[in-house]
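See structure below.
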Amino acid sequence: MSFSIGIVGLPNVGKSTLFKALTKKQVPAENFPFCTIDPNIGIVEVPDERLLKLTQISKSEKTIPTAIEFVDIAGLVKGAHKGEGLGNKFLSHIREVDAIAHVVRDFENSNIQHVENSVDAKRDKEIILLELIMADLATVEKRLKDAHSQAKGGDKIAIKAVSALEKIKAQLDSEHMASDANLSDEEKFAIRDLQLLTQKPILTVVNVAEEDANREPKNENEIIISAKIESELAELSDEDARAMLKDLGMNQSGLDKLITASYRLLNLITFLTSGPQESRAWTVENGSTAPQAAGKIHTDFEKGFIRAEVIGYDDFVKYNGELGAKEAGKMNLEGKEYIMQDGDICHFLHN
């Protein structure tokens, strides 16, 4: 399972520079608004040192990490929903992402134009949030008309959809997020395909000057990144990048911060498989059962699930692989009710 993060923000806050650094993919990042017009999409491997260790122990021919997709769209401006700048039509590009990374600028640089002519991260955050709200409001109002028509005919799902949409519209009208609407499970089901932007988890990425890169975030849904540092790290080998991070007093790159925060935001964990052919990482939602995890490998594995052979990562390493862990009694046989844990190394038995 790969998951996707949509990157939004005002022009010239560092979105495309960050995207370029994260994906090592060349995208336009010149110093003027609306440079990015079509969405840029990049797939990034998720670094996991555990996977490299498993490859060594199992002498695997291949190492396959899980992946994250970043979608970078054109910079929005204040009034985009009214047609200012290029409008907000590009928001449609991130309707299907799992979460949103909102990049705000918090550094001074007279050589980099700010579309609002001053640096104010709080103001910029509010501008973008309002544009997301207004985009959702247009979507909700359009759907509400259709739902009202269907509800008149007695359609039970349409009746629940009307209830859900009216609750959401009330929140959006008050400039609150759609996620603030208190919906029942039936109401959520009725609008499950709506893909509202303000129902998605939102991570604030504060782009700071190099000297502020170690600044503490204000809350768990904020991360501090220096896009300039990240762009420099992207040009280095892994060994040189680690050395640079150490010199800067940083124990994580911006990419690692973003991935860690995204996993937490989306409530995800990683399980692993390992053998002579390959060592591989897989992503599932926290709370997934063993059959659901097996289904990430192949849908037939979930349908025909019998049991799972599970070894914890620490035990796998301590006893030098599957055989040693099994001989030490550290392999557990788990059934359909088993809840997966981060770092589980699994072999699924199925019909």
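Key figures for this structure:
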quantity: Theoretical FRET efficiency, 1/(1+(r/R0)^6), r = Cβ-Cβ of ASP185 and ILE43, R0 30 Å, to 0.05; calculated: 0.35
quantity: Computed E for GLU216/GLN56 - FRET, C-beta separation, R0 41 angstrom, nearest 0.05; calculated: 0.70
quantity: Structure-based [θ]222 nm, the chain - -39500 (n - 2.57) summed over DSSP H runs of at least 4, per residue, nearest 500; calculated: -11500 deg cm²/dmol
quantity: Rounded to whole Hz, the Karplus (6.51, -1.76, 1.60) HN-Hα couplings of the range 301-306, x for glycine and proline; calculated: 5, 6, 4, x, 4, 10
quantity: Amide H within-cut-off set for VAL46, under 5 Å, with H built and near neighbours excluded; calculated: THR66, ALA67, ILE68
quantity: Inter-site label distance for HIS176 and ALA209 at 7 Å from Cα along Cβ, in nm; calculated: 3.9 nm
quantity: Residue (of THR289, ILE128, ILE269) at the positive-pole extreme of the chain, dipole from beta-carbon charges; calculated: THR289
quantity: Residues whose placed amide H lies under 5 Å from that of ARG307, excluding near-sequence neighbours; calculated: LEU349
quantity: Whole-Hz couplings from phi, Karplus 6.51/-1.76/1.60, listed for the range 94-101; x for Gly and Pro; calculated: 10, 4, 9, 6, 7, 8, 10, 9
quantity: Pairs of Cα atoms farther than 15 Å apart, the range 287-350, %; calculated: 46 percent
quantity: Fluctuation leader among SER92, SER110, SER288 - the chain, Gaussian network, Cα springs under 10 angstrom; calculated: SER110
quantity: Helix runs (DSSP H) in the chain reaching 27 Å along axis by Cα, Kyte-Doolittle at least -1.0; calculated: 121-152
quantity: GluC sites (Glu not before Pro) restricted to the range 111-191 and DSSP loop, no more than 12 other C-beta within 10 Å; calculated: GLU175
quantity: Along each principal axis, Cα extent of the chain, largest first, Å; calculated: 67, 62, 32
quantity: DSSP-defined antiparallel bridges as percent of all bridges, the chain, nearest 5; calculated: 50 percent
quantity: Reachable lysines from LYS156, criterion Cα separation under 18 angstrom, eight or more residues apart if same chain; calculated: LYS145, LYS167, LYS188
quantity: For the chain, size of Cβ-based charge dipole, Lys and Arg +1, Asp and Glu -1, in debye; calculated: 860 debye
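Read-outs: derived from the displayed coordinates by stated rules, not from any lab. Just so it is clear, the model here is predicted, and its values are computed rather than measured. All Cβ positions, glycine included, derive from the backbone under ideal geometry; neighbour counts span all protein chains shown.
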